[in-house]
């Protein structure tokens with residue numbers, strides 16, 4: 001299997017609320033492939049999909065309760081600590097719930113966490129060990 005992720009699908013409780021969050025808070029645009037039942041957003045080299053939680057669970061053949069910590073987070077890397085602070089402030093002003101204010105972390109970086117409407121964790125982070133290229137991609 002090639003080392004690649006092409007699509008991340010988040011099961012969401014309310015598709016329109018989540019679409020509005022990612023459009024109005026993050027400022028991301030949905031693609032023309034989006035429909036009334038799934039939202040696609042083109043990111044660097046992959047797509048984020050928002051899909052109703054019940055439908056996603058049904059498709060995978062699992063329970064849809066989605067309770068508790070899911071055991072993963074998504075990260076948005078920045079180019080500096082100042083960019084992390086500025087983005088977290090901007091997202092909070094647009095209605096994002098800040099779970100952890102940005103701070104220096106044990107591994108040498110600087111990060112904070114916000115949550116989307118379905119409590120998916122987003123780490124807003126500066127990692128000096130993963131520099132970003134001009135397109136915002138990391139490569140180690």
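Observations
- Unmet criterion (only one of (1) without any contact (Cβ under 8 Å) to a residue 24 or more places away in the chain; (2) over 18 Å from residue 91 (Cβ atoms); (3) outside any loop (DSSP other than H, G, I, E, B); (4) touching a helix residue (DSSP H, G or I) at 6+ places or on another chain (Cβ under 7 Å)) for residue 59: (4)
- Sole residue being part of a loop (DSSP other than H, G, I, E, B), under 18 Å from the mean Cα position of the chain (by Cα) and under 26 Å from residue 102 (Cα atoms), chosen from 21, 72: 72
- Selection from segment 111-136 of residues that are under 30 Å from residue 52 (Cβ atoms) and assigned to a loop (DSSP other than H, G, I, E, B): 116, 117, 118, 119, 120, 136
- Among the residues of segment 48-62, just one is under 19 Å from the mean Cα position of the chain (by Cα) and either loosely packed, with under 13 Cβ neighbours inside 10 Å or closer than 20 Å to residue 87 by Cβ (or both), namely 48.
- Looking across segment 77-110, the residues that are within 14 Å of the chain's Cα centre (by Cα), in a strand (DSSP E or B) and buried (at least 17 other Cβ atoms within 10 Å of the Cβ) come down to 77, 78.
- Members of segment 28-47 that are exposed (fewer than 15 other Cβ atoms within 10 Å of the Cβ) and without any contact (Cβ under 8 Å) to a residue 24 or more places away in the chain: 29, 31, 32, 33, 35, 36, 37, 42, 43
- Subset of segment 1-29 [under 22 Å from residue 93 (Cα atoms) and in contact with a helix residue (DSSP H, G or I) (Cβ under 8 Å, 6 or more places away or on another chain)]: 25, 26, 28, 29
- So residue 64, is it touching a residue at least 12 places away in the same chain (Cβ under 8 Å), touching a strand residue (DSSP E or B) at 6+ places or on another chain (Cβ under 7 Å) and either part of a helix (DSSP H, G or I) or more than 15 Å from residue 25 (Cα to Cα) (or both): no
Read-outs throughout are calculated quantities, based only on the coordinates presented, and are distinct from any laboratory measurement. Quantities reported herein were computed from a predicted structural model and do not represent experimental measurements. Quick reminder, even Gly has a Cβ in these numbers, built from the backbone with ideal geometry, and neighbours come from all protein chains shown.
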